[in-house]
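The values are calculated or read from the model by the stated rules, or taken from the named source; none is laboratory data. These numbers were taken from a predicted model, which means no experiment stands behind them. FYI the Cβ positions are ideal-geometry reconstructions off the backbone, even for glycines, and counts take in every protein chain you see. Heads up: the accessible areas ignore ligands, DNA and RNA and are worked out on the full protein's heavy atoms, side chains in. Shrake-Rupley method; radii C 1.70, N 1.55, O 1.52, S 1.80 Å.
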Amino acid sequence: MLQITDLSVTFGGLHALKNLQFKVDEGEIVSVIGPNGAGKTTFFNMISGMVTPTAGDIVFEGESLLGLDPSQVTERGIARTFQNVRLFANMTILENVMVAQHCRTDQRVFGALFQTRAFKSEEDAIRNYGEEVLSFFGSRLVGYRLDQPASVLSYANRRRLEIARAMATRPRLLLLDEPVAGMNPRESAELTELIGRLRSEWGFTIVMIEHDMSVVRDVSDRVVVLDHGETIAQGPYSHVANDPKVIEAYLGRPVGSEQTDEEVRP
Amino acid sequence: MTATSANPSMVETPGVAWRKQIRFALIGALSSVFIALAGMPVGLDGRSIIQPVLSMGFLSLLWVPFVMATLAGSEVVLEGMTARTRDSRDLLAGGIIGLGSAGGLVLLMVLIQNFNLRDPLVNWSPQLLNLLSFNRSLGVGALLWLLLGLILGVLGAAMHVLPKKLCSRIRTVVLSVLAVSVLETFLTDLLEGFGLEALTDFVYYKRGGLEVGGALLVAALALIIPLLVGTRIKDVKEQVVGLPAEERKRVNLILLAVSAALLLVLPFFLGKIANELLANVGLFVLLALGLNVVVGLAGILDLGYVAFFAVGGYTTAVLTSPNSPGFSPELPWPIALIVVVVITGIVGLFIGAPVIRMRGDYLAIVTLGFGEIIRLLFLSDWLSGWFGGAQGITNIPGVEVGIGTVKGTDPRSVFLLVLVFCAIAIYVSWRLENSRLGRAWMAIREDEDVAEAMGVNTTNTKLMAFVVGAVLASFSGAIFSAKVGSIFPTSFLMLVSIIILVVVIVGGMGNIAGVIVGALVLIGVLGGPKQPGLLQEFSQFKLLIYGALLVWMMLKRPEGLVPNVRRTRELHQEEFLQDAWLKGEIDTDDQEDLQ
Ligand SMILES: Nc1ncnc2c1ncn2[C@@H]1O[C@H](COP(=O)(O)OP(=O)(O)OP(=O)(O)O)[C@@H](O)[C@H]1O
Ligand SMILES: [Mg+2]
């Protein structure tokens, strides 16, 4: 589904990614792990068109994504969340998921001014789909919350809303950047389950950056380990977790122990 | 100080902050001196507020001690504290501020008498000294000012000491008297329309301002009417809010229809001056609504907005005037308008395309440049074969409608035409704001990168904002050129862009009602860049007041006079979050959400 070949990017003299090879098949859940500054987020930025690679190619469903604007990439069916939650904080929760359907809808000035039937039915559809996406997270984001600004949400709920917003763009490939960061163990276990359901019920293919090893272990089919912009290992979790290079990259600390990387981060 | 609170854990706010009081006294002194030297007392002395007691010139100084004392006395009561009981010390503090402000003036008087600084400071004149000393000796004048300052300062501080209800009564009375006096031109005109000349003759002095009797009448009405009405308006409002959605919609619709009808008949009760004034206000409402789409909704700071007003005006002139130097099809206005809208839209695309790739400061500066470029093009010799250069285009005909002609000499017709277009602009803004496009604009204003990543084509969406703004400005330009009958590059100075922006900011960015209020207050009362307002005496101080108002609003009320809920939230993020937290609206704990 997504095929990345020889991808490199440099910021000034810094090689954020070097000759990266990467591949996702339809229906997979792939985790990308690696120490801080390994280039994981840069990797996502590259796929979503926010950063232009210096070399290499990104092919999604047979077509290259190079040179496309982020909005065009989203239109092709790739949606993402952000590591440092970036919601439209002063828009309501419902509006956040409504605006995300922009590239799937097409009513313009004319429809809005003359309130055509097409406009009204599209607005209804946008609203209904938005509520449907939100109700995936149980009762947390619906009901009276719909009309509250996103800024009143708790941290965990903001992360959920970010995922909902990405879902609302009707993607086929979902890129989640540290979806459980800042959640307590119970919340992250619950979200892990939801990530599984995102594949089974919604049919999304998922690439996820995650520092929480228990989540990575429970949900991913395959793990890719990045360090200094290079892939140092990939394969099933059990295989990767015991790879000496990976252990070394994580400062010699065994990966997968309860003491995850999460705690050493500021 | 005794703790009055029943709850011992509640802490009282600390006592009078003397440092702050001294600071305000100094600010008061400086403001008074500045106002005096800016020439306001002398320049505005000709216009009475209440004849012969109070002229606008004196008012320009007298508000200082009062307002400074009130401001210095206001205290923030933090959560978990009780406001302290105010006592005589607060009055003393007010008195000090009043004395300080007056002291500044006294010092100025002494200096004027002994030195001549007329060279750099034009208003450093014996005339000012005479006025300040009430045409008596310096000593008497100084004493009078100190006394006045003391009284007004104490009164200002008393606004925090006296019971709240009494204060709000006093405020209503004072503001009503001022408003009725300021709105004189408009009100006389309106009352004349109803055949009530006798009333205006009693209330108003012939050369402007209220008569003492009139002032008393207004004050009495301002006292009695709230007593009579009481909470009735509030009750009705609550009743309406309590209605089911269907009926509330109907009530709103009826209200809308009634106010629309009232607005439509209003011009027929107004005389020339008031109609002219409102027509000007309407032209700026149109412009401000257009800029509001660009700045308020999409968050693009366009400082060259006048360009579209100019293009609209000039295109109309070229298409309709027989004197158009290059190309003169002499189209009727309505047909010309269609062409104007198309052309302005295209110009919007052309200016917008390079501009919207920039952000923030760069964008603002580039738009400023484009605004000037357009004006200079109209002024240039190169294009004078088309647009007449500095001579402009004259003899632009009025607008032929079935029943008559809309032209500048008949302000009533212009006002009616402007009303129609304002209604269109309001409808357009309202509908677009609540549509797919409007949401995309908001998302861009919040975070452009994320909006783009969520599938919003930011380039096209921002261009759309530019074009919609341009089209609304072109309406205004088209009416303007038919109204004035001639068009010159000097009508489209950069100042116009700035004033429209100030209208939007002062009124309340992103809010249709706010923009209208902003235009009424600023353009209606103070006047536009060239158009006189109600207070024609103000014209030489117009920009000063605009500037002061802008600074004040930015510091104290950045959300504008009629704020947009969302915008307020953006600007007062922390306070909002604290309030929401206190009200328990923020979900701090996720547990509670789980069933
Ligand atoms: N726009 C940019 N300009 C310059 N340097 C950048 C930019 N974006 C990222 N970098 C650098 O690239 C490197 C990789 O950053 P990236 O954010 O991808 O790391 P990460 O793996 O996501 O780390 P973390 O686990 O902390 O999220 C870092 O050294 C970072 O400073
Ligand atoms: Mg990262």
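Tabulated results
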{"read-out": "Complete set of residues in the stretch B:521-544 that are more than 12 Å from the chain's Cα centre (by Cα), open to solvent by 40 Å² or more (accessible area, probe 1.4 Å) and farther than 21 Å from residue B:272 by Cβ", "value": "B:540, B:543, B:544"}
{"read-out": "Only listed residue being surrounded by 15 or more Cβ atoms within 10 Å (Cβ to Cβ), within 26 Å of residue B:43 (Cα to Cα) and touching a residue at least 60 places away in the same chain (Cβ under 8 Å), chosen from B:154, B:182, B:161", "value": "B:182"}
{"read-out": "When residues of the stretch A:83-122 are limited to those that are in a loop (DSSP other than H, G, I, E, B), more than 7 Å from every other protein chain (Cβ to nearest Cβ) and not polar (S, T, N, Q), the one nearest to residue A:44 (Cα to Cα)", "value": "A:85"}
{"read-out": "The stretch B:276-309, residues that are surrounded by fewer than 23 Cβ atoms within 10 Å (Cβ to Cβ) and part of a helix (DSSP H, G or I)", "value": "B:276"}
{"read-out": "Qualifying residue in the stretch B:401-412 (condition: open to solvent by 40 Å² or more (accessible area, probe 1.4 Å) and modelled with pLDDT of 90 or more)", "value": "yes"}
{"read-out": "So residue B:505, is it modelled with pLDDT of 95 or more, buried (at least 22 other Cβ atoms within 10 Å of the Cβ) and away from chain A (no Cβ under 13 Å)", "value": "no"}
{"read-out": "Filtered residue count, the stretch B:433-471, keeping only those that are surrounded by fewer than 21 Cβ atoms within 10 Å (Cβ to Cβ), touching a Gly at 6+ places or on another chain (Cβ under 8 Å) and within 7 Å of chain A (Cβ to nearest Cβ)", "value": "0"}
{"read-out": "Lone qualifier among B:218, B:212, B:229 - being in contact with a Pro (Cβ under 9 Å, 6 or more places away or on another chain), β-branched (Val, Ile, Thr) and open to solvent by less than 80 Å² (accessible area, probe 1.4 Å)", "value": "B:212"}
{"read-out": "Qualifying residue in the stretch A:64-80 (condition: more than 9 Å from every other protein chain (Cβ to nearest Cβ), under 18 Å from the mean Cα position of the chain (by Cα) and either over 29 Å from residue A:45 (Cα atoms) or part of a helix (DSSP H, G or I) (or both))", "value": "yes"}
{"read-out": "The stretch B:383-400, residues that are closer than 15 Å to residue B:316 by Cβ and open to solvent by 50 Å² or more (accessible area, probe 1.4 Å)", "value": "B:386, B:394, B:395, B:397, B:400"}
{"read-out": "Filtered residue count, the stretch A:169-217, keeping only those that are within 14 Å of chain B (Cβ to nearest Cβ), in a loop (DSSP other than H, G, I, E, B), crowded, with 22+ Cβ neighbours inside 10 Å and within 14 Å of ligand 1 (Cβ to nearest atom)", "value": "1"}
{"read-out": "Residues within the stretch A:137-168 that are without any contact (Cβ under 8 Å) to a residue 12 or more places away in the chain, open to solvent by 20 Å² or more (accessible area, probe 1.4 Å) and over 25 Å from residue A:104 (Cα atoms), tallied", "value": "2"}
{"read-out": "Output for the stretch B:413-432, where each listed residue is at the interface with chain A (Cβ under 7 Å from one of its Cβ atoms), open to solvent by 10 Å² or more (accessible area, probe 1.4 Å) and touching a residue at least 24 places away in the same chain (Cβ under 8 Å)", "value": "B:428"}
{"read-out": "Flag for residue A:219 being among the hydrophobic types (A, V, I, L, M, F, W, C) and more than 18 Å from residue A:188 (Cβ to Cβ)", "value": "no"}
{"read-out": "Unmet requirement for residue B:229, which otherwise passes all of (1) of a type in the set (A, V, I, L, M); (2) within 30 Å of residue B:45 (Cα to Cα); (3) free of Cβ contacts under 8 Å to residues at least 24 places away in the same chain", "value": "(2)"}
{"read-out": "Wholly enclosed helices (runs of 4 or more DSSP H) of the stretch B:137-202 bearing at least 1 residues closer than 27 Å to residue B:90 by Cβ", "value": "B:138-161, B:164-182"}
{"read-out": "Number of positions in the stretch A:1-13 that are in contact (Cβ under 8 Å) with a residue 60 or more places away in the chain and more than 20 Å from residue A:73 (Cβ to Cβ)", "value": "0"}
{"read-out": "Subset of the stretch A:169-192 [in contact (Cβ under 8 Å) with a residue 60 or more places away in the chain and within 16 Å of ligand 2 (Cβ to nearest atom)]", "value": "A:175, A:176, A:177, A:178, A:179, A:181"}
{"read-out": "Filtered residues of the stretch A:50-63 (kept if more than 8 Å from chain B (Cβ to nearest Cβ) and part of a loop (DSSP other than H, G, I, E, B))", "value": "A:51, A:52, A:53, A:54, A:61, A:62"}
{"read-out": "Of residues in the stretch A:95-113 being at pLDDT below 95 and among the hydrophobic types (A, V, I, L, M, F, W, C), the one least open to solvent (accessible area, probe 1.4 Å)", "value": "A:112"}
{"read-out": "Any hit, the stretch A:44-55, residues being among the aromatic types (Phe, Trp, Tyr) and within 13 Å of ligand 2 (Cβ to nearest atom)", "value": "yes"}
{"read-out": "Pairs with Cβ under 7 Å, 6+ apart, first in the stretch A:25-46 and within 14 Å of chain B (Cβ to nearest Cβ) and more than 7 Å from ligand 1 (Cβ to nearest atom), second open to solvent by less than 10 Å² (accessible area, probe 1.4 Å) and of a type in the set (Asp, Glu)", "value": "A:44/A:177"}
{"read-out": "The one condition in (1) more than 10 Å from chain B (Cβ to nearest Cβ); (2) open to solvent by 20 Å² or more (accessible area, probe 1.4 Å); (3) within 16 Å of ligand 2 (Cβ to nearest atom); (4) in contact (Cβ under 8 Å) with a residue 60 or more places away in the chain that residue A:16 fails to fulfil", "value": "(2)"}
{"read-out": "Sole exception among (1) within 16 Å of ligand 1 (Cβ to nearest atom); (2) within 30 Å of residue B:464 (Cα to Cα) for residue A:99, by number", "value": "(1)"}
{"read-out": "Within the stretch A:19-43, considering residues that are more than 22 Å from residue A:195 (Cβ to Cβ) and away from ligand 2 (no atom under 16 Å from the Cβ), the one least open to solvent (accessible area, probe 1.4 Å)", "value": "A:21"}
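Residue by residue, here is whether (1) within 11 Å of another protein chain (Cβ to nearest Cβ); (2) modelled with pLDDT of 70 or more holds:
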position: B:547; (1), (2): no, yes
position: B:550; (1), (2): no, yes
position: B:558; (1), (2): no, yes
position: B:564; (1), (2): yes, yes
position: B:571; (1), (2): yes, yes
position: B:584; (1), (2): yes, no
position: B:593; (1), (2): yes, no
